[in-house]
């Protein structure tokens, strides 16, 4: 943004703050004429700017004498007016009151303003609970709204959060909700079941200027189905919402899987969330309103599989920004909300299990497990000696045969962490206990508690059909026609492919404890969540690879990747409503830990018959040579840890005011955020001590020892083995330490007039990144320096946003939005340590020289709401990204490596479509059937630099090139189609999800033909469910990945060719440039000319769960 624009927005913010502070009440002496009670109450409502709830029918015929009040307190006016009458005043808050007739039957009142008539029903009747919230058509809670049951006198008033709950005898009722100046709502066919909670959330619409009485009637089933759609409709920004009810009707086990059901959202590489075709680094995530740090090592992204689906209340994906949002993104903002304070007591137990058709009861291979692996914890067997015990910073040159110290230190490693053991894959298991309790007292208010504990263990096997990523090469007998055609490759014999398996063992243990206290016009809540996840993956490939040495070799390489992850979040929050103001505040602490404990690799080399008389395997023992690539070290074990802690505080205040016919809300606030990240790396290789003699001298038979046998203390000697560090750089262990400090202020105005709603404002952000330590390994690749248009990070950004909603009819919304934001590199993306990624078969590292990406965004959408819970939506979007960050392939010392770099700019645009429709319009028998579907189409254009070139005169130039290609992680299309039957007892749901190809990385080294894509991915899931009446048991049968397609990755090598092109240098000098020219119209689509780099085949999963409401 220009300085002139910055000054303009600063002026706007100051003006907004002055307007907010100038609003207040004027002192005056007030007189009221002799008039009816209803007329007096309406006068007080207008003059005192208060809310008064009363029953119009009860006040008919009641006349009040004239009143002259010397004060300006509306509460005094009300009490003086009611003095001597048969009505009494009830104060709900500073500006909220109810006027009720003095009753003949006794009324029991509780703090949340729920009431019931004791004499209305016999005490012996079985009862259930009706509970929910009442909000207006902008999403604001309505305090003091009347919720009553027609015909029997039960009812209540909503509390400070617009919530209500009361007991009712089992039966079917019509519920009426009314609030002054809003249309009365009547909901029919509300079924109350014994000892169950019936949720009913109601959205009230304001009456027209005529103020005539209007009653809107709806059916309960259709009203409750509208919950998620209503949240989406009321939000000022473009968004999509997935409710817990919708998720419960799919086989999705965690938030990561559930997100695929949202329009424009898919999974990249089966783990990273992509929104609108944009990869994980362009999105932000929050849990209960607190922004989450990255859980990934070396990249930006959050592992949503850490959060079980059963613990969440809803998921909202915002695709445009309002100033009060503490997040920056270009794709989307994924907001996960856990279960809130209950309206009634409950206790639920759930258990389940499942099988994988490729793994369950079959053999699986994995390093020896610990005693606590099933619970997700390490029993200590994966622990490394401390830095004081073992010299991890010693250079390999010091590990000579004469150095006796290395043998004593090597004996400190007690456990073999990489040798595979044979296990039997057991069925998946899961269990959950959820308990909710609410305490109500008239003096202390309402106290609520929700606590849950969830456990899940899954075991599966994915077959690796073939790989030629990284340093893997085609085996003999495979030609291009075989390598490039899926059917030929799959049918070829195993010994003609680089094939293997990926065995997975995963445990997730999660718990939440949420408490809340409501008293008067105050709400204080404490939310706590902890998740422990253990992923133990073992991958073995049998094939030909240069990882075994220059020129390649035939052998077996296995990779062990045990990962322990922790997510801990604590949040203290409050909401207070003094007078007409609303004050919100939060204090939060978030910790994310990630540890690769015992990650490593083993190598066997194959040799054909020699003096031993037959083919045999022997271990590839490396030695402590200086400069040996890590990918060729042979057999090593690593302990990599990264920790990130975030402290955050936010406060905001809002106040409503009217300017003529326009209702306005002014909101302002601030935020402070401190993040600290630490990364530590330790790695040792088991090999031969360096003795400057080749061939290496070792005792006979040692070359055939297993890793486990070689690790024995008695074999640690000059003619045997030693463990030596592999990561030192000039005698220093590579580490990362850094922190960021962020402060922000925002101001926004929300205008509502007739059919128009306008929300606009700006956010000022001050950001500082401090790098305390960021070491790399000698010889690692460096970022591409051939970039143009570089600029330094700005310490201060002003981020304006505008969101306009026009509702020409109740069933239609038109949305337009604009915003600017800045997406800064995460600390994980700055880490310069090279992680070995066994999936891509090469090293991957961050870049401490990454620049901030500035984003300008436009969105438009038209929503149609044919009925409750139904939506038809059409939209479009455009993003301009200055300095986008992408994963780029380079060649380094003859090997491919991957690094994050800035491109110059990118333009990203597309279209979205969504439909959710009840099929009852076809025939009455179809009233319980629902169809849903969504589609996103995404395009992009990028300017980047291949590198320097030399003209005919020998002068070197740097020239950018504009390319029509996908952005890193982007997919051109995503769609979901679903059909659901939602009957009273039986339910069925079928969901089909497809995403198009997407870019894993872009290649500078070998041009666009070496850019790797994941081919289109499809998944078919289904669920059958039945709810028994007695006992209250709910049974679900889930079927995941029914089609079980191959996951295919490829290079589009056959679609480009190099040509000499006549062009000019920036100075106007002619020269011939070598460039890559596409040969086909859509070069990125996989065809038989493209080389398949990796194929894996996941299995199908069949599972069940049984839940019991006690």
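What percent do you get for the relative contact order of region 299-349 when only Cα pairs under 8 Å and 6+ apart count? That works out to 38 percent.
As a calculated quantity, the FRET efficiency between residue 473 and residue 349 at R0 = 35 Å, using C-beta atoms, amounts to about 0.05. Specify whether the C-alpha gyration tensor of region 819-862 places it in the rounded, prolate or oblate class, a ≥ b ≥ c being the square roots of the eigenvalues: rounded for a/c under 1.5, otherwise prolate if a/b is larger than b/c and oblate if not. Oblate shape, in that a/c is at least 1.5 and b/c is the bigger or equal ratio.
Short-range pairs are left out: with C-alpha atoms under 8 Å and at least six residues apart, the relative contact order of region 490-595 is 25 percent. Peptide packing: for 982-988, 1049-1055, the average count of neighbouring Cβ atoms within 10 Å per residue gives the ranking 1049-1055, 982-988, highest mean first. Taking packing as the residue-averaged number of other Cβ atoms within 10 angstrom, the listed peptides 450-463, 576-589 run from highest to lowest as 450-463, 576-589. Put simply, when 322-329, 765-772, 710-717 are sorted by average Cβ atoms within 10 angstrom per residue, most first, you get 322-329, 710-717, 765-772.
Going by neighbour counts of Cβ atoms within 10 Å, the residues 517, 282 line up, fewest first, as 517, 282.
If you take the square roots of the eigenvalues of the alpha-carbon gyration tensor of region 968-1031 and sort them as a ≥ b ≥ c, do you get rounded (a/c under 1.5), prolate (a/b over b/c) or oblate? Prolate is the answer for region 968-1031, as a/c is 1.5 or above and a/b outweighs b/c.
None of the figures in this text is laboratory data; all of them are computed from the coordinates on show. Please read these numbers as outputs of a predicted model, since none were measured by experiment. Heads up, the Cβs are rebuilt from the backbone with ideal geometry, glycines too, and the neighbour counts pull from every protein chain shown.
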